[in-house]
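Enquirer: First, the structure itself, so that you have it in front of you.
The values are calculated or read from the model by the stated rules, or taken from the named source; none is laboratory data. Because the structure is predicted, anything quoted here is derived from the model rather than measured. Quick reminder, even Gly has a Cβ in these numbers, built from the backbone with ideal geometry, and neighbours come from all protein chains shown.
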Amino acid sequence: MYSLEELADRLSLAFSGDPARRLTGLATLDGAGPEDLAFLSNSKYQGRLATTRAGAVILHPDFVDQCPVDCLISEYPYVSFARVSHLFDRSPAATAGIHAAAVVAVDAEIHPGASIGPHAVVEAGATLGEGVVIGAGVYVGHRCRLGAGTRVFPNAVIYHDVHLGEHCTVHSQAVLGADGFGFAPGPDGWEKICQLGGVRIGDRVEIGACTTIDRGALDHTVIEDGAIIDNLVQVAHNCRIGKNTAIAGCTGLAGSTIIGANCTLAGGVGVVGHVEICDNVHVTGMTMVTKSITEPGTYSSGTPMMTTKDWKRSAVRFGQLDAIQRRLAALEKSSQ
Amino acid sequence: MYSLEELADRLSLAFSGDPARRLTGLATLDGAGPEDLAFLSNSKYQGRLATTRAGAVILHPDFVDQCPVDCLISEYPYVSFARVSHLFDRSPAATAGIHAAAVVAVDAEIHPGASIGPHAVVEAGATLGEGVVIGAGVYVGHRCRLGAGTRVFPNAVIYHDVHLGEHCTVHSQAVLGADGFGFAPGPDGWEKICQLGGVRIGDRVEIGACTTIDRGALDHTVIEDGAIIDNLVQVAHNCRIGKNTAIAGCTGLAGSTIIGANCTLAGGVGVVGHVEICDNVHVTGMTMVTKSITEPGTYSSGTPMMTTKDWKRSAVRFGQLDAIQRRLAALEKSSQ
Amino acid sequence: MYSLEELADRLSLAFSGDPARRLTGLATLDGAGPEDLAFLSNSKYQGRLATTRAGAVILHPDFVDQCPVDCLISEYPYVSFARVSHLFDRSPAATAGIHAAAVVAVDAEIHPGASIGPHAVVEAGATLGEGVVIGAGVYVGHRCRLGAGTRVFPNAVIYHDVHLGEHCTVHSQAVLGADGFGFAPGPDGWEKICQLGGVRIGDRVEIGACTTIDRGALDHTVIEDGAIIDNLVQVAHNCRIGKNTAIAGCTGLAGSTIIGANCTLAGGVGVVGHVEICDNVHVTGMTMVTKSITEPGTYSSGTPMMTTKDWKRSAVRFGQLDAIQRRLAALEKSSQ
């Protein structure tokens, strides 16, 4: 529970209204009740302001006049909302120390302010910084380094020689540093190529549940500061993901893909191996990226959803497209 | 091992043939031997009835005359087959009680008929109903509630404040309640928005291996009674999946997707965020759902598989489609 | 650290240069320093040979003359590189024996040369061969059999009655033998069909992180010798994957798919159920395989990546393709 004034104080924002107003939760403009704090960050939802029952609203100075209730005034209402969300989080806090049911190698370096949960394993030579939280059942391999404030949720696995920077979040079942998919076609079948590189992850990186980041073949797989990766994403060996790039769920990057900074890849995107995507590229959902992208912009592929009946007709014609174009060219020629 | 009569009894079905016939397993019409029970549910396979070596067959009354062996007679042969499959299951049974190597918070409420496997963790405030089975290495977060008869397979993870109804099944490595992918673009990069909602799952819901159901941002992510979800499916924050809807493997739902009741999404489907799909919609494999669907029916997208050589030609022409249509329009005009 | 002569000896290769040359690592032609061994396997990179700073290079006899540094001479340079990679691997070795924090059923048959990590669980009736390595937190179900030399990485889960051959690798969070997605549509919703089959995996099979291989409904799901499967792949019940077939990440196979030997499926491919793909088929990334493939060759589907602006135009026209072809046919008729 916070008063309006306290929140304004903590977020360094101006406010308008009753300083003592009691705010106990966050909610949408539509869903908020009189003890909830709501926010308006997208002018599309401006119409909802007039009818909100919220106790207070975070909004841009331009909308203060239209606000029927108390408000917190922010140049970046969505960022302010993100910051205030931490105050209302009910996530259980971790206690510093090593749980009796964890197995930690004698020569691992564990900061006394780190927390290691039950059934976690930390192998020899690993280093955990201040405030690191290792959830229950997590495996941290030999010689891994986790910077201060990095949190790993239950049952995630980090293979040997993986480094994470500070204030990273790794969700459950993520796998960092499994072998890249490297095999040489030999006379008797596939011969495994040991993956000798590691994984190097910067600061403030988020890695989603069931996401896999493979270790490099010779050099490292690299994820730069501030990159955010959703669930069920595959990052193959020797990929490099640039600063503050965001990758949504179910996307797959083949080996040695290089992605620049400040890119967004929507869900279900696939990128073939050995291509390079420059900074500030946005790729829409389920796009198949088949070549390098050298110009910032937005890219797509695929076909639009239709009823299956209509789709079947278009799909048949897709297979005839080259013939259709040749027929058209012939007609053009004969009509000249 | 069952006799034909016993099975008829347990399934409340009529039978024809030797009541004492011994049936030791289930098999397909083609693969069955004289001690196997087979079934005919799809009239497409009717021709296989004549030559089956099965000891008995579950079939519809219409096919009794053509059946060369004993039979169990059912209006719904496939449902009867589903029910009889439980009698032949060799899955190991769980024993009630808490394994000595589990870590259970003192104030968790565990029904004496629940079973908690080795290395499982159950956090403070969690409630497990009668007959709940928590597999080895499973993590159950603070304040979770699991209804009677719900089973969680080894190493699955349930974050805090997730509720599951009765008789649900959660397969290994599934993650329920990890953070939704919510970040605000700030002046210095992405600012994490704490995900304050939980997950609410109804009764008789099945969740596949490595499937991720994110917690809601403000409100809950909701999965209604009887929904079934396959492996490697991503359900983003604040999705709502309707009653008895089935979602096949590798499908991804972006945030705030609402899916009605009795829908089927085939494998590899992607649904963009904030769309609504009405009841009784069927989406074929790998379809990209880019907008809301308001009419029941079957929907598709994509292009058909071809040899790569032919495909390359069609793919090039796809990029020229607008020009092709304009050339066609010009010809039409000139030929008038 | 190895001398050039030692490496030549261990790989049974001829060499040219200083037998005592000290080689401490592997690297690419471009990245290598004077103590690194590099390789040239693709003539595309031949130009990099002249300027390499490597201590030695593995290459084909045809390139010896152009090599400015010492070399190891191989008919199959990439295979030789794969073999030498094992000598430079820094993966920690497992120690034989059962960790005190593992839970192993009294009647499991564990070879004394097997290694079982902390918090692993091995259930009754399981059999582990010589040199098997069970990582921390792995679950091995009732009656599973793992052949000699098979390695399972931390937290992977193997349900009951799954057999793996010798020298397989199973990466973290993989799930072998979870229930196939089998349900009968009953009058009150989906009725679960118990999945009574198991999984049968041959020798030298690799299974990636977060990959799911479901157990069969009646018969087994089968993966033959030498098949290699990347991360986040879904193999549904009763699939059969042929010898030495390779499947890249994020691919999904629906139920009862049969894939022949020596096939390659690139990333993000989807295969509908009940189709058969013959030997020596190659499927490019994100292809939707909608029917059986009976001829060896390369197959594709999808549309090429474009700027979103251009794509939108083509996408609209895709929906009009049948009309476009009809307009074209009408013009052709009138111009005859």
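Enquirer: Output the strands (runs of 3 or more DSSP E) that fall wholly within the stretch B:163-239 and possess 3 or more residues being within 30 Å of C:Pro185 (Cα to Cα), or say none.
Expert: B:199-201, B:221-223
Enquirer: Restricting the search to the stretch B:303-318, which residues are surrounded by 19 or more Cβ atoms within 10 Å (Cβ to Cβ) and more than 7 Å from chain A (Cβ to nearest Cβ)?
Expert: Within the stretch B:303-318, B:Met305, B:Trp311, B:Ala315 qualify.
Enquirer: Then there is this: Kindly establish whether A:Gly47 is among the small types (Gly, Ala, Ser) and within 12 Å of another protein chain (Cβ to nearest Cβ).
Expert: no
Enquirer: State all residues of the stretch C:157-177 that are within 14 Å of chain B (Cβ to nearest Cβ) and more than 18 Å from C:Ala124 (Cα to Cα); if no residue qualifies, say none.
Expert: Result: C:Val170, C:His171, C:Ser172, C:Gln173, C:Ala174, C:Val175.
Enquirer: Going through B:Ala56, B:Ala14 one at a time, which residue ends up being touching a Lys or Arg at 6+ places or on another chain (Cβ under 9 Å), over 28 Å from B:Pro154 (Cα atoms), in contact (Cβ under 8 Å) with a residue 24 or more places away in the chain and outside the structural domain of B:Gly129 (by TED's automatic domain parsing)?
Expert: One residue alone meets the criteria, B:Ala56.
Enquirer: Select, from A:Ile247, A:Ile259, A:Ile293, A:Ile223, the only residue that is of a type in the set (A, V, I, L, M), farther than 30 Å from A:Asp161 by Cβ and in the same structural domain as A:Leu164 (by TED's automatic domain parsing).
Expert: Result of the check over A:Ile247, A:Ile259, A:Ile293, A:Ile223: A:Ile293.
Enquirer: Right, here's the next one. Please indicate, with yes or no, whether at least one residue in the stretch A:35-52 is without any contact (Cβ under 8 Å) to a residue 24 or more places away in the chain, within 17 Å of A:Ala82 (Cβ to Cβ) and crowded, with 21+ Cβ neighbours inside 10 Å.
Expert: Among the residues of the stretch A:35-52, at least one is without any contact (Cβ under 8 Å) to a residue 24 or more places away in the chain, within 17 Å of A:Ala82 (Cβ to Cβ) and crowded, with 21+ Cβ neighbours inside 10 Å, which makes the answer yes.
Enquirer: Which residues, taken from the stretch C:158-195, are free of Cβ contacts under 8 Å to residues at least 24 places away in the same chain and of a type in the set (A, V, I, L, M, F, W, C)?
Expert: C:Ile158, C:Phe183, C:Ala184, C:Trp190, C:Cys194
Enquirer: Among the residues of the stretch C:259-297, which ones are in a loop (DSSP other than H, G, I, E, B), within 17 Å of the chain's Cα centre (by Cα) and free of Cβ contacts under 8 Å to residues at least 24 places away in the same chain?
Expert: C:Gly260, C:Asn262, C:Cys263, C:Ala266, C:Gly268, C:Val269, C:Asn280, C:Thr284, C:Met286
Enquirer: Mind checking whether some residue in the stretch B:202-209 is more than 12 Å from the chain's Cα centre (by Cα) and surrounded by 24 or more Cβ atoms within 10 Å (Cβ to Cβ)?
Expert: No: zero hits.
Enquirer: Failed condition for A:Ile193, given (1) within 23 Å of C:Leu37 (Cβ to Cβ); (2) more than 9 Å from every other protein chain (Cβ to nearest Cβ); (3) in contact with a strand residue (DSSP E or B) (Cβ under 8 Å, 6 or more places away or on another chain), with all others met?
Expert: (2)
Enquirer: If we scan the stretch A:107-126, do we find a residue that is in a strand (DSSP E or B), at pLDDT 95 or above and not β-branched (Val, Ile, Thr)?
Expert: yes
Enquirer: Among the listed residues A:Phe63, A:Phe15, which satisfies the condition of being in a strand (DSSP E or B) and either at pLDDT below 95 or over 25 Å from the mean Cα position of the chain (by Cα) (or both)?
Expert: Answer to the selection: A:Phe15.
Enquirer: Still on this structure, I have one more. Give just the number: which of (1) among the hydroxyl-bearing types (Ser, Thr, Tyr); (2) surrounded by fewer than 24 Cβ atoms within 10 Å (Cβ to Cβ); (3) within 22 Å of C:Cys250 (Cβ to Cβ) does B:Tyr299 not satisfy?
Expert: Failing condition for B:Tyr299: (3).
Enquirer: Here are the criteria: (1) in contact with a Phe, Trp or Tyr (Cβ under 9 Å, 6 or more places away or on another chain); (2) within 8 Å of another protein chain (Cβ to nearest Cβ); (3) modelled with pLDDT of 95 or more. Tell me which single one B:Gly198 does not satisfy.
Expert: Checking B:Gly198 against (1) in contact with a Phe, Trp or Tyr (Cβ under 9 Å, 6 or more places away or on another chain); (2) within 8 Å of another protein chain (Cβ to nearest Cβ); (3) modelled with pLDDT of 95 or more, the one that fails is (2).
Enquirer: Determine which member of the set B:Ala246, B:Ala217 is aliphatic (A, V, I, L, M), touching a strand residue (DSSP E or B) at 6+ places or on another chain (Cβ under 6 Å) and farther than 19 Å from B:Val132 by Cα.
Expert: Result of the check over B:Ala246, B:Ala217: B:Ala246.
Enquirer: May I ask you to verify whether C:Thr303 is in contact with a helix residue (DSSP H, G or I) (Cβ under 9 Å, 6 or more places away or on another chain) and assigned to a loop (DSSP other than H, G, I, E, B)?
Expert: Answer is yes for this residue.
Enquirer: Hey, could you check the stretch B:321-336 for residues that are under 15 Å from C:Ser314 (Cβ atoms) and facing another protein chain (nearest Cβ under 7 Å) and say which is surrounded by the fewest Cβ atoms within 10 Å (Cβ to Cβ)?
Expert: B:Asp322
Enquirer: Those residues that are exposed (fewer than 14 other Cβ atoms within 10 Å of the Cβ) and either within 15 Å of A:Tyr78 (Cβ to Cβ) or modelled with pLDDT under 95 (or both), I need them from the stretch A:19-34; list them, please.
Expert: Across the stretch A:19-34, the qualifying residue is only A:Asp30.
Enquirer: Another question about this same structure. Check A:Gly226, A:Gly208, A:Gly249, A:Gly186 and return the single one that is at pLDDT below 95 and either at the interface with chain B (Cβ under 10 Å from one of its Cβ atoms) or in contact with a helix residue (DSSP H, G or I) (Cβ under 7 Å, 6 or more places away or on another chain) (or both).
Expert: A:Gly186
Enquirer: Those residues that are more than 8 Å from every other protein chain (Cβ to nearest Cβ), within 18 Å of B:Thr95 (Cα to Cα) and in a loop (DSSP other than H, G, I, E, B), I need them from the stretch B:127-151; list them, please.
Expert: The answer is B:Gly129, B:Glu130, B:Gly131, B:Val132, B:Val138, B:Gly147, B:Ala148, B:Gly149, B:Thr150.
Enquirer: Further question: So which residues in the stretch A:149-173 are surrounded by fewer than 23 Cβ atoms within 10 Å (Cβ to Cβ) and of a type outside the set (Asp, Glu), if there are any at all?
Expert: A:Gly149, A:Arg151, A:His160, A:His163, A:Gly165, A:His167, A:Thr169
Enquirer: Oh, and also: Let me confirm something: among C:Asp70, C:Asp89, C:Asp65, which residue is more than 13 Å from C:Ala14 (Cβ to Cβ), away from every other protein chain (no Cβ under 14 Å) and either free of Cβ contacts under 8 Å to residues at least 40 places away in the same chain or of a type in the set (Asp, Glu) (or both)?
Expert: When all the criteria are applied, what remains is C:Asp65.
Enquirer: Taking B:Ile277 as meeting all but one of (1) farther than 25 Å from B:Leu146 by Cβ; (2) away from chain A (no Cβ under 12 Å), write down the number of the exception.
Expert: B:Ile277 satisfies all of (1) farther than 25 Å from B:Leu146 by Cβ; (2) away from chain A (no Cβ under 12 Å) except (2).
Enquirer: Now, a different point. Just checking, does the stretch B:112-125 include any residue being out of contact with any Lys or Arg (no Cβ under 6 Å at 6 or more places or on another chain), within 28 Å of C:Glu191 (Cβ to Cβ) and within 11 Å of chain C (Cβ to nearest Cβ)?
Expert: Looking for residues that are out of contact with any Lys or Arg (no Cβ under 6 Å at 6 or more places or on another chain), within 28 Å of C:Glu191 (Cβ to Cβ) and within 11 Å of chain C (Cβ to nearest Cβ), one finds at least one in the stretch B:112-125, hence yes.
Enquirer: Still on this structure: I'd like the full set of residues that are without any contact (Cβ under 8 Å) to a residue 40 or more places away in the chain and crowded, with 19+ Cβ neighbours inside 10 Å, limited to the stretch A:73-86.
Expert: A:Pro77, A:Tyr78, A:Val79, A:Ala82
Enquirer: Now for a different question. In this structure, does C:Pro154 turn out to be assigned by TED's automatic domain parsing to the domain that holds C:Ala254, part of a loop (DSSP other than H, G, I, E, B) and within 16 Å of B:Ala136 (Cα to Cα)?
Expert: It is true that C:Pro154 is assigned by TED's automatic domain parsing to the domain that holds C:Ala254, part of a loop (DSSP other than H, G, I, E, B) and within 16 Å of B:Ala136 (Cα to Cα).
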